[in-house]
Amino acid sequence: MHLSRNFALIPAAGIGARLGTDCPKQYLPLAGKAMLRHVLDTFVACEAIAHVFVVVSAEDGYIADLMTAAPHLKDRVTLLYQGGETRHLSVLNGLNAIRNQAADDDWVLVHDAARPGLTGSLIAQLIAALRDEAVGGLLALRVVDTLKRSDEGVPLHGEGSQKMAPTSHVTETVSRARLWAAQTPQMFRYGLLQRALAIAAGQAQQITDEASAIEMLGLRPMLVEGSPRNFKVTLPHDVALAEIFLKEQV
Ligand code: C5P
(Lines give C-alpha, C1' and ligand atoms only; values in the text may rest on other atoms or scores of the structure.)
Protein backbone atom coordinates (compact mmCIF):
# COMPACT_ATOMS: atom_id res chain seq x y z
CA MET A 1 0.00 0.00 0.00
CA HIS A 2 1.26 3.51 -0.82
CA LEU A 3 1.64 5.73 2.24
CA SER A 4 0.95 9.37 1.44
CA ARG A 5 4.01 11.60 1.73
CA ASN A 6 4.02 15.30 2.61
CA PHE A 7 5.78 17.60 0.16
CA ALA A 8 6.35 21.33 0.65
CA LEU A 9 6.00 23.64 -2.36
CA ILE A 10 7.20 27.22 -1.88
CA PRO A 11 6.20 29.78 -4.52
CA ALA A 12 9.07 32.28 -4.46
CA ALA A 13 8.90 33.88 -7.88
CA GLY A 14 7.33 37.22 -6.97
CA ILE A 15 9.05 40.60 -6.87
CA GLY A 16 7.26 42.00 -3.81
CA ALA A 17 6.75 45.48 -5.26
CA ARG A 18 4.78 46.76 -2.23
CA LEU A 19 7.81 46.38 0.02
CA GLY A 20 9.85 48.83 -2.08
CA THR A 21 13.20 47.06 -1.61
CA ASP A 22 16.02 46.57 -4.14
CA CYS A 23 15.99 42.80 -4.03
CA PRO A 24 12.87 40.62 -4.39
CA LYS A 25 11.06 40.39 -1.04
CA GLN A 26 11.88 36.70 -0.43
CA TYR A 27 15.61 37.50 -0.36
CA LEU A 28 15.40 40.39 2.10
CA PRO A 29 17.64 39.73 5.12
CA LEU A 30 15.63 39.32 8.34
CA ALA A 31 17.28 38.59 11.68
CA GLY A 32 20.47 37.53 9.85
CA LYS A 33 18.98 35.29 7.15
CA ALA A 34 17.10 35.80 3.87
CA MET A 35 13.32 35.56 4.32
CA LEU A 36 13.17 32.46 2.10
CA ARG A 37 16.01 30.82 4.04
CA HIS A 38 13.94 31.01 7.27
CA VAL A 39 11.13 29.15 5.49
CA LEU A 40 13.46 26.52 4.00
CA ASP A 41 15.24 25.90 7.31
CA THR A 42 11.88 25.38 9.02
CA PHE A 43 10.63 22.86 6.44
CA VAL A 44 13.86 20.83 6.12
CA ALA A 45 13.97 20.46 9.91
CA CYS A 46 10.53 18.79 9.82
CA GLU A 47 10.75 15.01 9.72
CA ALA A 48 7.18 14.81 8.41
CA ILE A 49 8.21 16.63 5.21
CA ALA A 50 9.59 14.23 2.58
CA HIS A 51 11.03 16.91 0.29
CA VAL A 52 10.85 20.66 -0.39
CA PHE A 53 10.33 22.21 -3.84
CA VAL A 54 10.89 25.92 -4.45
CA VAL A 55 9.48 27.68 -7.50
CA VAL A 56 11.69 30.59 -8.55
CA SER A 57 11.65 32.77 -11.64
CA ALA A 58 13.74 31.67 -14.63
CA GLU A 59 15.86 34.84 -14.21
CA ASP A 60 16.39 34.48 -10.45
CA GLY A 61 19.85 35.80 -9.59
CA TYR A 62 19.76 35.20 -5.82
CA ILE A 63 18.76 31.61 -5.13
CA ALA A 64 22.08 30.04 -6.21
CA ASP A 65 23.99 32.05 -3.56
CA LEU A 66 21.41 31.21 -0.91
CA MET A 67 21.82 27.48 -1.61
CA THR A 68 25.63 27.68 -1.67
CA ALA A 69 25.60 29.36 1.74
CA ALA A 70 23.36 26.62 3.18
CA PRO A 71 24.77 23.18 2.19
CA HIS A 72 22.39 21.42 4.61
CA LEU A 73 19.54 22.27 2.23
CA LYS A 74 21.07 20.52 -0.79
CA ASP A 75 19.59 17.03 -0.40
CA ARG A 76 16.21 18.19 0.91
CA VAL A 77 15.42 21.05 -1.49
CA THR A 78 14.87 21.05 -5.27
CA LEU A 79 14.71 24.30 -7.24
CA LEU A 80 12.17 24.65 -10.04
CA TYR A 81 12.96 27.60 -12.34
CA GLN A 82 9.36 27.80 -13.52
CA GLY A 83 7.84 30.91 -11.92
CA GLY A 84 4.65 32.16 -13.55
CA GLU A 85 3.07 35.58 -13.99
CA THR A 86 0.94 35.18 -10.87
CA ARG A 87 1.31 33.23 -7.64
CA HIS A 88 -1.42 30.88 -8.88
CA LEU A 89 0.55 30.06 -12.05
CA SER A 90 3.83 29.67 -10.14
CA VAL A 91 2.17 27.04 -7.93
CA LEU A 92 0.53 25.30 -10.90
CA ASN A 93 3.85 25.25 -12.82
CA GLY A 94 5.54 23.79 -9.74
CA LEU A 95 2.92 21.06 -9.40
CA ASN A 96 3.22 20.18 -13.09
CA ALA A 97 7.02 20.04 -12.78
CA ILE A 98 6.88 17.41 -10.00
CA ARG A 99 4.28 15.21 -11.71
CA ASN A 100 6.72 12.27 -11.95
CA GLN A 101 7.70 12.51 -8.30
CA ALA A 102 4.36 12.95 -6.56
CA ALA A 103 1.49 10.46 -6.44
CA ASP A 104 -2.07 11.79 -6.68
CA ASP A 105 -2.77 11.07 -3.01
CA ASP A 106 0.46 12.60 -1.66
CA TRP A 107 -0.08 15.81 0.28
CA VAL A 108 1.38 19.12 -0.88
CA LEU A 109 1.84 21.96 1.63
CA VAL A 110 1.98 25.20 -0.33
CA HIS A 111 3.62 27.97 1.69
CA ASP A 112 4.41 31.61 0.82
CA ALA A 113 8.10 32.50 0.95
CA ALA A 114 6.85 35.79 2.43
CA ARG A 115 5.70 34.12 5.70
CA PRO A 116 9.02 33.55 7.50
CA GLY A 117 7.36 33.21 10.92
CA LEU A 118 6.09 29.68 10.26
CA THR A 119 7.27 27.14 12.86
CA GLY A 120 7.71 23.38 12.88
CA SER A 121 4.96 23.06 15.44
CA LEU A 122 2.44 24.91 13.22
CA ILE A 123 3.33 22.53 10.37
CA ALA A 124 2.88 19.55 12.71
CA GLN A 125 -0.49 20.88 13.92
CA LEU A 126 -1.75 21.31 10.35
CA ILE A 127 -0.65 17.81 9.31
CA ALA A 128 -2.20 16.27 12.44
CA ALA A 129 -5.51 18.12 12.00
CA LEU A 130 -5.86 16.97 8.38
CA ARG A 131 -4.90 13.34 8.92
CA ASP A 132 -8.46 12.06 8.41
CA GLU A 133 -9.73 14.84 6.12
CA ALA A 134 -10.70 13.92 2.57
CA VAL A 135 -10.25 17.39 1.05
CA GLY A 136 -7.43 19.15 2.94
CA GLY A 137 -7.23 22.55 4.58
CA LEU A 138 -5.21 25.56 5.63
CA LEU A 139 -3.90 27.55 8.55
CA ALA A 140 -6.05 30.62 9.21
CA LEU A 141 -6.87 33.15 11.94
CA ARG A 142 -10.29 34.20 13.16
CA VAL A 143 -10.97 37.84 12.23
CA VAL A 144 -11.06 39.97 15.40
CA ASP A 145 -11.35 43.48 13.96
CA THR A 146 -14.60 45.16 12.89
CA LEU A 147 -14.64 45.11 9.10
CA LYS A 148 -15.65 48.04 6.86
CA ARG A 149 -16.29 48.03 3.12
CA SER A 150 -15.25 51.30 1.42
CA ASP A 151 -16.53 53.25 -1.55
CA GLU A 152 -13.19 52.90 -3.44
CA GLY A 153 -13.78 52.02 -7.07
CA VAL A 154 -17.48 52.93 -6.86
CA PRO A 155 -18.55 55.69 -9.35
CA LEU A 156 -19.34 58.92 -7.42
CA HIS A 157 -22.62 59.73 -9.17
CA GLY A 158 -23.97 56.28 -9.94
CA GLU A 159 -23.44 53.88 -12.83
CA GLY A 160 -21.97 55.47 -15.95
CA SER A 161 -20.17 58.26 -14.06
CA GLN A 162 -16.44 58.51 -14.75
CA LYS A 163 -15.63 60.04 -11.32
CA MET A 164 -14.40 57.75 -8.57
CA ALA A 165 -14.40 58.61 -4.87
CA PRO A 166 -11.09 60.49 -4.15
CA THR A 167 -10.87 59.27 -0.53
CA SER A 168 -12.17 56.23 1.30
CA HIS A 169 -15.45 56.34 3.18
CA VAL A 170 -17.43 53.55 4.75
CA THR A 171 -20.33 52.16 2.77
CA GLU A 172 -20.98 49.15 4.98
CA THR A 173 -19.89 47.30 8.12
CA VAL A 174 -19.33 43.65 7.28
CA SER A 175 -20.11 41.11 9.99
CA ARG A 176 -16.98 39.32 11.19
CA ALA A 177 -19.02 36.34 12.38
CA ARG A 178 -17.53 33.13 10.94
CA LEU A 179 -14.82 35.09 9.09
CA TRP A 180 -11.22 33.86 9.03
CA ALA A 181 -8.09 35.33 7.43
CA ALA A 182 -6.31 32.69 5.33
CA GLN A 183 -2.63 31.95 5.92
CA THR A 184 -0.36 29.26 4.50
CA PRO A 185 0.60 26.40 4.45
CA GLN A 186 -2.44 25.27 2.51
CA MET A 187 -2.40 21.48 2.34
CA PHE A 188 -4.16 19.42 -0.32
CA ARG A 189 -3.70 16.11 -2.15
CA TYR A 190 -1.43 16.50 -5.17
CA GLY A 191 -3.96 15.24 -7.74
CA LEU A 192 -6.89 17.30 -6.46
CA LEU A 193 -4.84 20.50 -6.14
CA GLN A 194 -3.27 20.19 -9.59
CA ARG A 195 -6.72 19.65 -11.14
CA ALA A 196 -8.32 22.51 -9.18
CA LEU A 197 -5.62 25.05 -10.12
CA ALA A 198 -5.62 23.95 -13.77
CA ILE A 199 -9.42 24.36 -13.98
CA ALA A 200 -9.24 27.74 -12.21
CA ALA A 201 -6.48 29.04 -14.51
CA GLY A 202 -9.06 30.91 -16.60
CA GLN A 203 -10.32 32.81 -13.53
CA ALA A 204 -6.98 33.88 -12.14
CA GLN A 205 -8.29 37.12 -10.56
CA GLN A 206 -10.41 35.28 -7.99
CA ILE A 207 -7.74 32.73 -7.12
CA THR A 208 -5.44 34.27 -4.53
CA ASP A 209 -4.86 31.03 -2.63
CA GLU A 210 -5.08 27.28 -3.20
CA ALA A 211 -8.20 26.87 -1.07
CA SER A 212 -10.27 29.15 -3.33
CA ALA A 213 -9.53 26.90 -6.33
CA ILE A 214 -10.61 23.85 -4.27
CA GLU A 215 -13.78 25.71 -3.17
CA MET A 216 -14.63 26.37 -6.83
CA LEU A 217 -14.99 22.59 -7.19
CA GLY A 218 -17.68 22.69 -4.48
CA LEU A 219 -15.37 21.27 -1.78
CA ARG A 220 -14.82 22.62 1.74
CA PRO A 221 -11.24 22.93 3.01
CA MET A 222 -10.79 22.66 6.78
CA LEU A 223 -9.73 25.75 8.77
CA VAL A 224 -6.94 25.07 11.27
CA GLU A 225 -5.99 27.76 13.82
CA GLY A 226 -2.73 29.43 12.71
CA SER A 227 -0.65 32.07 14.52
CA PRO A 228 -0.15 35.85 14.26
CA ARG A 229 3.61 35.24 13.88
CA ASN A 230 2.87 33.51 10.55
CA PHE A 231 1.77 36.79 8.94
CA LYS A 232 2.73 37.75 5.37
CA VAL A 233 5.48 40.35 5.11
CA THR A 234 4.02 42.80 2.60
CA LEU A 235 4.57 46.46 3.54
CA PRO A 236 7.75 48.22 4.76
CA HIS A 237 6.64 48.33 8.42
CA ASP A 238 6.11 44.54 8.42
CA VAL A 239 9.88 44.02 8.30
CA ALA A 240 10.51 45.22 11.86
CA LEU A 241 7.62 43.14 13.19
CA ALA A 242 8.88 40.00 11.43
CA GLU A 243 12.32 40.53 12.96
CA ILE A 244 10.83 40.73 16.45
CA PHE A 245 9.11 37.37 15.99
CA LEU A 246 12.16 35.74 14.37
CA LYS A 247 14.67 36.99 16.96
CA GLU A 248 12.55 36.22 20.00
CA GLN A 249 11.16 32.91 18.70
CA VAL A 250 7.88 33.92 20.37
O1 C5P B 1 3.22 39.12 -3.50
P2 C5P B 1 2.68 38.20 -2.47
O3 C5P B 1 3.17 38.50 -1.09
O4 C5P B 1 1.19 38.00 -2.51
O5 C5P B 1 3.28 36.75 -2.85
C6 C5P B 1 3.02 35.59 -2.10
C7 C5P B 1 4.02 34.51 -2.50
O8 C5P B 1 3.83 34.14 -3.87
C9 C5P B 1 5.47 34.98 -2.38
O10 C5P B 1 6.23 33.91 -1.81
C11 C5P B 1 5.87 35.26 -3.82
O12 C5P B 1 7.26 35.10 -4.08
C13 C5P B 1 5.05 34.22 -4.58
N14 C5P B 1 4.79 34.60 -5.98
C15 C5P B 1 5.19 33.75 -7.02
N16 C5P B 1 4.96 34.11 -8.34
C17 C5P B 1 4.37 35.27 -8.64
C18 C5P B 1 3.94 36.15 -7.60
C19 C5P B 1 4.15 35.79 -6.27
O20 C5P B 1 5.74 32.68 -6.74
N21 C5P B 1 4.20 35.59 -9.92
Subject >> Subset of the range 58-68 [within 15 Å of the ligand (Cβ to nearest atom) and either surrounded by fewer than 18 Cβ atoms within 10 Å (Cβ to Cβ) or within 26 Å of Ala128 (Cα to Cα) (or both)] >> reply: Ala58, Glu59, Gly61, Tyr62
Original post:
Taking the condition modelled with pLDDT of 95 or more and farther than 29 Å from Ala114 by Cβ, does Thr173 pass?
Top reply: yes
Original post:
Looking at Ile10, is it more than 25 Å from Met187 (Cβ to Cβ) and either within 11 Å of the ligand (Cβ to nearest atom) or assigned to a strand (DSSP E or B) (or both)?
Top reply: no
**OP:** Scan the range 69-109 for residues that are within 19 Å of Met35 (Cα to Cα), within 13 Å of the ligand (Cβ to nearest atom), open to solvent by less than 40 Å² (accessible area, probe 1.4 Å) and in contact (Cβ under 8 Å) with a residue 60 or more places away in the chain and jot them down.
**Re:** Gly83, Ser90, Val91
Original post:
Given the structure, is Asp41 in a helix (DSSP H, G or I) and surrounded by 15 or more Cβ atoms within 10 Å (Cβ to Cβ)?
Top reply: yes
Subject >> Filter result for Ala34 (among the aliphatic types (A, V, I, L, M) and more than 16 Å from the chain's Cα centre (by Cα)) >> reply: yes
Subject >> All positions within the range 220-242 that are open to solvent by 60 Å² or more (accessible area, probe 1.4 Å), away from the ligand (no atom under 15 Å from the Cβ) and under 30 Å from Ile199 (Cα atoms) >> reply: Arg220, Met222, Leu223, Glu225
Original post:
When you go through Ala124, Ala177, Ala140 one by one, which is the residue that is within 25 Å of Gly191 (Cβ to Cβ), open to solvent by 30 Å² or more (accessible area, probe 1.4 Å) and not β-branched (Val, Ile, Thr)?
Top reply: Ala124
**OP:** Scan the range 13-36 residue by residue and report those that are outside any loop (DSSP other than H, G, I, E, B) and open to solvent by 50 Å² or more (accessible area, probe 1.4 Å).
**Re:** Ala17, Arg18, Pro29, Lys33
**OP:** Output yes when any residue across the range 210-219 is exposed (fewer than 12 other Cβ atoms within 10 Å of the Cβ) and aliphatic (A, V, I, L, M), and no when none is.
**Re:** no
Original post:
Any residue in the range 36-52 that is near the ligand (Cβ under 10 Å from one of its atoms), touching a residue at least 12 places away in the same chain (Cβ under 8 Å) and in the same structural domain as Val108 (by TED's automatic domain parsing)?
Top reply: yes
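The values are calculated or read from the model by the stated rules, or taken from the named source; none is laboratory data. These numbers were taken from a predicted model, which means no experiment stands behind them. Glycine also receives a Cβ, built like all others from the backbone with ideal geometry; neighbour counts cover every protein chain displayed. We work out accessible area using only protein heavy atoms, side chains counted, and drop any ligands, DNA or RNA first. Shrake-Rupley method; radii C 1.70, N 1.55, O 1.52, S 1.80 Å.
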